[in-house]
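For reference, the structure is listed below as structure tokens.
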Amino acid sequence: MIHKDGWQGKTWKILPLGNGQYTISLAIDEPKCDGTDQTGWFLSAHRYQGTDKRNGHSTYAMIHKPGWQANKWVIKPNKTTNNSTSSFNTNFSYSISLAVDEHK
């Protein structure tokens, strides 16, 4: 889920795979609400179960512990705010989407 600014935002690690695709994992897990340390867990989206599907056009995102196949993501700068495609810039916005749905 997405929280408004200031509400337990998370820090993510973006690992380039060298082909315009990335894996995204949780870099720091604070605060640990239920005692589970999810540091290093990967951002995923799949449709294994009916509850994974939000509707016909979208799927819930989640994180999975290492050992599950990590989803590959495409990260693109939004053209209206960023003309650079060479590196990430925190002053601009980006769109992320699944590169391939490997978890159908």
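Worth pointing out:
- Number of the condition not met by Met1 [criteria: (1) modelled with pLDDT under 80; (2) of a type in the set (A, V, I, L, M, F, W, C); (3) more than 13 Å from the chain's Cα centre (by Cα)]: (3)
- When region 39-55 is limited to residues that are part of a loop (DSSP other than H, G, I, E, B) and surrounded by 12 or more Cβ atoms within 10 Å (Cβ to Cβ), the one that is nearest to the chain's Cα centre (by Cα) turns out to be Trp41.
- Residues that are within 12 Å of the chain's Cα centre (by Cα) and either at pLDDT below 85 or of a type in the set (A, V, I, L, M, F, W, C) (or both) within region 4-15 comprise Lys10, Thr11, Trp12, Ile14, Leu15, listed in sequence order.
- Region 63-73: number of residues that are at negative phi and exposed (fewer than 14 other Cβ atoms within 10 Å of the Cβ): 4
- Pick from region 92-101, criterion within 15 Å of the chain's Cα centre (by Cα) and not in a strand (DSSP E or B), ranking: modelled with the lowest pLDDT: Asp101
Residues are listed down the side, and each one gets a yes or a no for (1) of a type outside the set (Asp, Glu); (2) at pLDDT below 75; (3) in a loop (DSSP other than H, G, I, E, B):
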residue: Asp37; (1), (2), (3): no, no, yes
residue: Ala70; (1), (2), (3): yes, no, yes
residue: Val74; (1), (2), (3): yes, no, no
residue: Thr80; (1), (2), (3): yes, yes, yes
residue: Ser84; (1), (2), (3): yes, yes, yes
residue: Thr90; (1), (2), (3): yes, yes, yes
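- Of all residues in region 16-35 being more than 15 Å from Ala99 (Cβ to Cβ) and among the small types (Gly, Ala, Ser), the one that is modelled with the highest pLDDT: Ser25
- Qualifying residue in region 54-67 (condition: under 15 Å from Ala99 (Cα atoms), of a type in the set (D, E, K, R) and in contact (Cβ under 8 Å) with a residue 24 or more places away in the chain): no
The values are calculated or read from the model by the stated rules, or taken from the named source; none is laboratory data. In this text, all values refer to a predicted model and were calculated from it rather than measured experimentally. Please note: Cβ atoms are built from the backbone with ideal geometry, for glycine as well, and neighbour counts cover all protein chains shown.
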